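To start, the structure under review is shown below, and the notes come after it.
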Amino acid sequence: MMRHPGFGQIRRGYIFGEIRERLAGRICDRHGRRLISLGVGDATRPITRAVADAMSRAAREMSVAATFRGYGPTAGYAFLRDAVAERYAARGLSLTADEVFVTDGAKSCLTALAALWGDVPMYLPCPAYPATADACRLAGREIVYLPCDEARGFLPRPEDLPPRPGVVWLCSPANPQGVAFDYPGLAAWVAAARRRGDVIVSDAAYAPFVSGRYPASVYEAPEGRACAVEVCSLSKGASFTGLRCGWCVIPRGIVTDGGIPLRDSWTRRAEATVNGVAYPVQRAAEAALPDEAAERDNAAAYLEGARLLAAALGAAGYRFCGGEVSPYLWVACKNGGGSWSFFENWVENKGLVVTPGVGFGEGGDGYVRLSAFCSPADCAEAAERIRNG
Ligand code: PLP
């Protein structure tokens, strides 16, 4: 009997399921206060009216024979691929619409990408978004972890790459560390990939949070187009976590280790495994794309919550990073404790649910992640509890 090569390798519990199990229905702390979740990174702000209108117009089209649509193009409708290319063009980055592939969000996109290479190492930051490592494990890939400790500013460094070229998975702003590459930091990765022959997969799920000296796209680095694939999502900025839409940019010229154009492998895999994203959702995404201001407003609201949490952590004497260009704060457990005991302590004594860092890989033990995606009232209350116990 054939066993799937990778399934036996994934951790038994996905971190957020494990947290639910640990809470076992608990709703209050020992003082009787309701639990506040600073756990999952899920949007809490609603979609815009324009997005909702576009979606309902598209839904009505589906109810009329003349405008009904069945299966759509696997790579996404041209109207949406054009809208994505226009977003890049507005930032002075040129790519063609046929280098854009519409997805149902970044998570499945990462999984699809991991399956496209044959026998090359997958270089992953540790800690990292757990679905990225799971994607590589499910594809049966060899994973080599790149340390992201405090001495490295919590970000991976190209100097730590072993000599063999491979696929380098980057994420900026990073989940869970909440820090981002600045322009020179990103340029150093692209330069290393060009020199060594690596392909970069850049997860830009949190791009709406960056500004100033931090690039929002890997294509802002010189020669990024020559070596990098970009994974984008409308989840966090435009509140599409429940609607499901994103895109992947696969520039022409990027090839797999078998010498096959990566875009051809992507297309072939997509034809075998998916039938595209719902038409009304693609229309919703088309309406969301030109409205970067709405995404920035959402990000600013979450960042305000992060600012409150950061101020409280500082006042209470915690060491942490993140929260400036990311909704996440990465907090060192006091007295060098493990991240699950920190988790239990805060649930019991502060009524705050956080994500144990070890859920993002072994390099995350000794830390917890705080998410500022909750309501402003919950962030303010959580900040108060962090300050005063
Ligand atoms: N990439 C990172 C780094 C994430 O943190 C997340 C979600 O938390 C995703 C991708 C998944 O995003 P999506 O909702 O588009 O699947």
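The values are calculated or read from the model by the stated rules, or taken from the named source; none is laboratory data. Only a predicted model underlies this, so the values are computations on that prediction, with no experimental measurement involved. Ideal geometry is used to build each Cβ from the backbone, glycine not excepted, and the neighbour counts take in all protein chains shown. Heads up: the accessible areas ignore ligands, DNA and RNA and are worked out on the full protein's heavy atoms, side chains in. Shrake-Rupley method; radii C 1.70, N 1.55, O 1.52, S 1.80 Å.
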Out of the residues in region 113-151 that are open to solvent by 20 Å² or more (accessible area, probe 1.4 Å), without any contact (Cβ under 8 Å) to a residue 24 or more places away in the chain and assigned to a strand (DSSP E or B), which is nearest to Thr273 (Cα to Cα)? Ile143
Within region 179-195, is there a residue that is in contact (Cβ under 8 Å) with a residue 60 or more places away in the chain, open to solvent by 10 Å² or more (accessible area, probe 1.4 Å) and either within 11 Å of the ligand (Cβ to nearest atom) or among the polar types (S, T, N, Q) (or both)? no
Does Gly105 count as of a type in the set (Gly, Ala, Ser) and within 16 Å of the ligand (Cβ to nearest atom)? yes
Are any of the residues in region 311-320 hydrophobic (A, V, I, L, M, F, W, C) and part of a strand (DSSP E or B)? yes
Exactly one of (1) of a type in the set (Val, Ile, Thr); (2) over 19 Å from the mean Cα position of the chain (by Cα); (3) assigned to a loop (DSSP other than H, G, I, E, B) is unmet by Thr241. Its number? (2)
If I filter region 310-359 down to residues being of a type in the set (Val, Ile, Thr) and in contact with a Ser or Thr (Cβ under 6 Å, 6 or more places away or on another chain), which single residue comes out as modelled with the lowest pLDDT? Val358
Scanning region 272-305 residue by residue, those in contact with an Asp or Glu (Cβ under 9 Å, 6 or more places away or on another chain) and without any contact (Cβ under 8 Å) to a residue 40 or more places away in the chain turn out to be Ala278
Region 64-84, residues that are assigned to a helix (DSSP H, G or I), small (Gly, Ala, Ser) and open to solvent by 60 Å² or more (accessible area, probe 1.4 Å): Ala78
Output the number of the condition that Arg225 fails; it satisfies all remaining conditions of (1) within 17 Å of Pro327 (Cβ to Cβ); (2) in contact with a helix residue (DSSP H, G or I) (Cβ under 7 Å, 6 or more places away or on another chain). (1)
Looking at this structure, is Ala174 within 12 Å of the ligand (Cβ to nearest atom), under 25 Å from Ala270 (Cβ atoms), assigned to a loop (DSSP other than H, G, I, E, B) and small (Gly, Ala, Ser)? no
If we ask which residues in region 251-291 are open to solvent by 40 Å² or more (accessible area, probe 1.4 Å) and closer than 21 Å to Asp42 by Cβ, their number turns out to be 2
Taking region 210-231 and the residues there that are in contact (Cβ under 8 Å) with a residue 60 or more places away in the chain and open to solvent by less than 10 Å² (accessible area, probe 1.4 Å), the one that is nearest to the ligand (Cβ to nearest atom) would be Val231
